[in-house]
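Visitor: There's a structure below that I have some questions on.
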Amino acid sequence: MKAKLLAAMTMLAVVGCTTQPAEHAAKLSTQDPKWRSPECARARQAASNYEAGEKKTMSISAGLLLGPYGLGIAMAGKQHQAKMRKQFARDMHSKCSSQPLPASLAR
């Protein structure tokens, strides 16, 4: 039981570490030649609207009310959301920056 709880808490910590795409877009250099490209402009626009379009997943507290399976479902939803957010930021970085991927976006 303790191992399952520890695993759930670890996953919560990992899920909470993913940066929003709009925050990542703000950190990119405007001096980069790729910054002015149409692909980058579309990616930055999509990043600014990303959070509004993100589907709401089951909260962890609601998952706790449903028991161990509900917690697993909630955690899987949060983990998937973080994975998609990271992939979006990775794609945006490749379109808007000549710099290598930062460690936070590396696989």
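Visitor: Assuming R0 = 30 Å, can you tell me the calculated FRET efficiency for the pair ASP32 and HIS80, based on Cβ-Cβ distance, to the nearest 0.05?
Guide: The computed FRET efficiency comes out at 0.50.
Visitor: What is the gain in length, in nm to one decimal, between LEU101 and GLU23 on full extension, counting 0.36 nm per residue of separation less the C-alpha to C-alpha distance?
Guide: Length gained, LEU101 through GLU23: 26.6 nm.
Visitor: Label SER94 and ALA41 with points 7 Å out from Cα along Cα→Cβ: what is the distance between them in nm?
Guide: 2.3
Visitor: Please turn the phi angles of segment 81-86 into ³J(HN,Hα) values with the Karplus equation 6.51 cos²θ - 1.76 cosθ + 1.60 (θ = phi - 60°), one per residue in order, whole Hz, x for glycine and proline.
Guide: Taking θ as phi minus 60°, the curve returns 4, 5, 5, 5, 5, 5 Hz for segment 81-86.
The numbers here are math on the coordinates, done by the rules we state, and not lab data. Computed from a prediction, not measured in an experiment: that's the story for all the values here. We place every Cβ from the backbone using ideal geometry, glycine too, and count neighbours over all the protein chains shown.
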